[in-house]
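Take a look at the structure set out below.
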Amino acid sequence: MPDSVNTMSIAVNAAAGGIAVPPVARVGDSLAQVATPALLLDLDAFEANVERMASAAAARGVAVRPHAKAHKSVSIARAQLAAGAVGICCQKVTEAIPFVNAGVGNIHISNEFVGEARVALAVAMASRVALSVCVDDVRQVGPLGKAAERAGVRIAVLPEVDVGQGRCGVDSTDAVAQLVDAIDHYEGLRFGGLQAYHGSAQHVESWDKRRDTARLAADRASAYVRFLEARGIACPVVTGGGTGTAEFDIESGVYTEIQPGSYVFLDGHYGALEWRDDWRFRHGLFLASTVMSTARKGIVVCDAGLKSVATDSGLPGFWSSQQAGKPHYRTASDEHGVLELASPGEDGAAWLGEPILLVPGHCDPTVNLYDRYVTVRHGRVEGLWPIEARGLSQ
């Protein structure tokens with residue numbers, strides 16, 4: 001039975017008289033030595049995924065602006081930028097702070113925000129980075145424009161247009177015109193293009209239907225671009241798209257940049273979609289867990305439950321083990337994951353202490369549960385990457 005505790009020093013903090021929390025892993029550890037539950041990043045798969053997206057987009061002259069809401073990690077953002085990304089997206093203003101502080105110089109807030117505190121934070125960021133933001137109401141423009149003028153900064157503002165999501169974004173050319181005019185009213189703002197994201201399209205299972213949904217979204221975005229051009233307004237950027245539609249978005253001739261996020265990991269939900277040709281990315285994000293109980297026949301119980309993995313897109317999938325067989329993750333409670341064995345009467349005693357890997361159903365909220373990635377290559381720990389933007393949701 002693997003005993004990872006023996007590989008850690010459980011240090012006593014002499015000054016405080018307490019026990020220090022041991023590290024989740026150390027460089028050089030085997031997977032069996034990683035304290036569980038832990039979030040693992042397979043570096044070979046990760047690097048292949050980053051390169052795959054970068055090269056595909058570059059071949060069509062489309063920029064990649066990866067979405068940091070998926071990974072929330074400065075280390076991952078730097079790897080994406082090194083591969084040619086023009087910048088990153090963040091979904092919330094506070095989420096961008098670690099990236100600003102780390103020197104990421106081009107950030108797009110791909111979501112609307114309101115309120116004096118958030119406006120002030122955006123303006124402070126704009127003094128340090130090239131910042132762009134989204135609006136879908138003229139009442140969002142004025143406070144931002146006035147604050148930017150007072151601070152002597154200039155912010156690119158992108159009206160968001162609804163291209164099928166039915167969530168945020170305006171749905172008429174008149175509304176787009178009003179937003180562009182409002183932006184033009186302030187010296188501290190400039191019209192930066194259009195945000196045209198269709199989130200639901202990313203998750204359409206059928207390849208044909210996903211392609212058709214993406215094409216319709218691109219057609220809608222194109223109609224807004226043509227409207228603006230007819231008014232003499234050039235649209236420098238059309239940004240949107242994501243992991244599920246990237247192959248269609250870069251071929252559309254409409255999007256100048258795409259915003260994929262989950263491609264670096266390929267979670268269980270994306271992995272279940274229908275893919276063609278070379279567009280299936282590799283699974284790179286795993287949840288390391290340990291079987292901690294085999295008291296009942298037909299099941300084994302691991303230490304990864306609801307506090308360790310998001311289940312909004314389904315329960316995690318079993319990936320691998322040193323044991324033969326492939327248990328099915330059946331139910332999750334706070335600190336327990338119940339996995340079914342092949343038959344109800346099977347004795348799972350041999351599984352006790354067994355290290356296993358699980359594939360999260362939804363990477364974004366799962367990542368938000370952890371402080372760090374344990375990066376691994378060929379079964380050995382290569383590093384620990386902080387998840388600096390964890391919990392920054394304001």
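Quick look at the numbers
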{"read-out": "Any pair with Cβ under 8 angstrom, 6 or more apart, that starts in segment 373-394 at a residue that is small (G, A, S) and part of a strand (DSSP E or B) and ends at one that is surrounded by fewer than 18 Cβ atoms within 10 Å (Cβ to Cβ) and at pLDDT 95 or above", "value": "G383/V27"}
{"read-out": "Any hit, segment 154-164, residues being at negative phi, buried (at least 18 other Cβ atoms within 10 Å of the Cβ), touching a residue at least 24 places away in the same chain (Cβ under 8 Å) and assigned to a helix (DSSP H, G or I)", "value": "no"}
{"read-out": "Answer residue from segment 325-349, given it is in contact (Cβ under 8 Å) with a residue 40 or more places away in the chain and among the hydrophobic types (A, V, I, L, M, F, W, C) and is least open to solvent (accessible area, probe 1.4 Å) among those", "value": "L339"}
{"read-out": "Given (1) open to solvent by 50 Å² or more (accessible area, probe 1.4 Å); (2) out of contact with any helix residue (DSSP H, G or I) (no Cβ under 8 Å at 6 or more places or on another chain), index of the condition G353 fails", "value": "(1)"}
{"read-out": "Selection status of L228, among the aliphatic types (A, V, I, L, M), assigned to a helix (DSSP H, G or I) and within 24 Å of A63 (Cβ to Cβ)", "value": "yes"}
{"read-out": "Top-ranked residue in segment 87-110 [being assigned to a loop (DSSP other than H, G, I, E, B) and closer than 18 Å to L194 by Cβ; ranked as farthest from the chain's Cα centre (by Cα)]", "value": "G87"}
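Here is a yes/no grid of residues against (1) free of Cβ contacts under 8 Å to residues at least 40 places away in the same chain; (2) open to solvent by less than 40 Å² (accessible area, probe 1.4 Å):
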{"position": "V138", "(1), (2)": "no, no"}
{"position": "D174", "(1), (2)": "yes, no"}
{"position": "D184", "(1), (2)": "yes, no"}
{"position": "S200", "(1), (2)": "yes, no"}
{"position": "W207", "(1), (2)": "no, yes"}
{"position": "R211", "(1), (2)": "yes, no"}
{"position": "V225", "(1), (2)": "yes, yes"}
{"position": "G241", "(1), (2)": "no, yes"}
{"position": "G244", "(1), (2)": "no, yes"}
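The values are calculated or read from the model by the stated rules, or taken from the named source; none is laboratory data. Note that this is a predicted model, so its numbers are computed, not measured. Reconstructed Cβ throughout: ideal geometry from the backbone, glycine too, with neighbour counts over all protein chains shown. Only protein heavy atoms, including side chains, enter the accessible area calculation; ligands, DNA and RNA are left aside. Shrake-Rupley method; radii C 1.70, N 1.55, O 1.52, S 1.80 Å.
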